[in-house]
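The values are calculated or read from the model by the stated rules, or taken from the named source; none is laboratory data. Since the structure is predicted, the reported quantities are computational estimates derived from the model, not experimental observations. Because the Cβ atoms are built from the backbone with ideal geometry, glycine has one as well, and the counts that use them run over all protein chains shown. These accessible areas exclude ligands, DNA and RNA; they are computed on the full protein's heavy atoms, side chains included. Shrake-Rupley method; radii C 1.70, N 1.55, O 1.52, S 1.80 Å.
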Amino acid sequence: MKVLILTDSLSLPRAYQGGKVEWEDTYVSLLKRSRQDIEFIQVGIGGATIAELYRALNYYVHANPQLIILHAGIVDCAPRALTNFEKKVVSRLGLEKVVKRLSRRLRKARKLTYTSRDNFQKTIRRIKNKFLELPLVSIGIIPARPE
């Protein structure tokens, strides 16, 4: 059996303030060790939106998985202070420190996300349609660490 795991950074090793996740401790690594009878194909792209993960599927549809696990959404749905375009402008103007100081208030007031709920749901349906009759298991967004 082949299982395709499609994720943003949630399945990847990483360092964060106060800790570290080693490769051996990621859930994909733990799955691979505990279920050697299953071939796990991991598509993990740090910082990817659901649309970027969907585009990556053009390559993995030919792997012929029997199950898809989707673990994404935090990048799409997290509150943002600025759009990607605004971030580029702020960077060119050298105003990152100013925005950082105002970030919490901007996120609360602007209620921006990279992906709307409708587009997130549409993209999940597109992923499901790309694999037709295959089961799709979606893991919910984990709670964020407090700031």
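Values as computed for the structure displayed
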read-out: Any hit, the stretch 86-109, residues being exposed (fewer than 15 other Cβ atoms within 10 Å of the Cβ) and either aromatic (Phe, Trp, Tyr) or within 21 Å of Gly140 (Cβ to Cβ) (or both); value: no
read-out: One residue from Ala56, Ala51 being among the small types (Gly, Ala, Ser), part of a helix (DSSP H, G or I) and in contact (Cβ under 8 Å) with a residue 60 or more places away in the chain; value: Ala51
read-out: Of residues in the stretch 61-73 being of a type in the set (A, V, I, L, M) and crowded, with 18+ Cβ neighbours inside 10 Å, the one nearest to Lys111 (Cα to Cα); value: Ala72
read-out: Breaking point among (1) within 21 Å of Pro135 (Cβ to Cβ); (2) under 15 Å from the mean Cα position of the chain (by Cα), for Ala63; value: (2)
read-out: Residues of the stretch 1-60 satisfying the condition of being open to solvent by 40 Å² or more (accessible area, probe 1.4 Å), of a type in the set (A, V, I, L, M) and modelled with pLDDT under 90; value: Ala15
read-out: Residue list for the stretch 121-135, restricted to those being touching a residue at least 60 places away in the same chain (Cβ under 8 Å) and either surrounded by 15 or more Cβ atoms within 10 Å (Cβ to Cβ) or within 14 Å of Ala51 (Cα to Cα) (or both); value: Thr123, Ile124, Arg126, Ile127, Lys130, Phe131
read-out: Close pairs (7 angstrom Cβ cut-off, 6 or more residues apart or separate chains): closer than 19 Å to Tyr54 by Cα in the stretch 1-18, among the aromatic types (Phe, Trp, Tyr) and outside any loop (DSSP other than H, G, I, E, B) anywhere; value: Val3/Phe40; Leu4/Tyr60; Ile5/Phe40; Ser11/Tyr27
read-out: Given (1) out of contact with any strand residue (DSSP E or B) (no Cβ under 6 Å at 6 or more places or on another chain); (2) touching a residue at least 60 places away in the same chain (Cβ under 8 Å); (3) more than 8 Å from Asp8 (Cα to Cα), number of the condition Ala63 does not satisfy; value: (1)
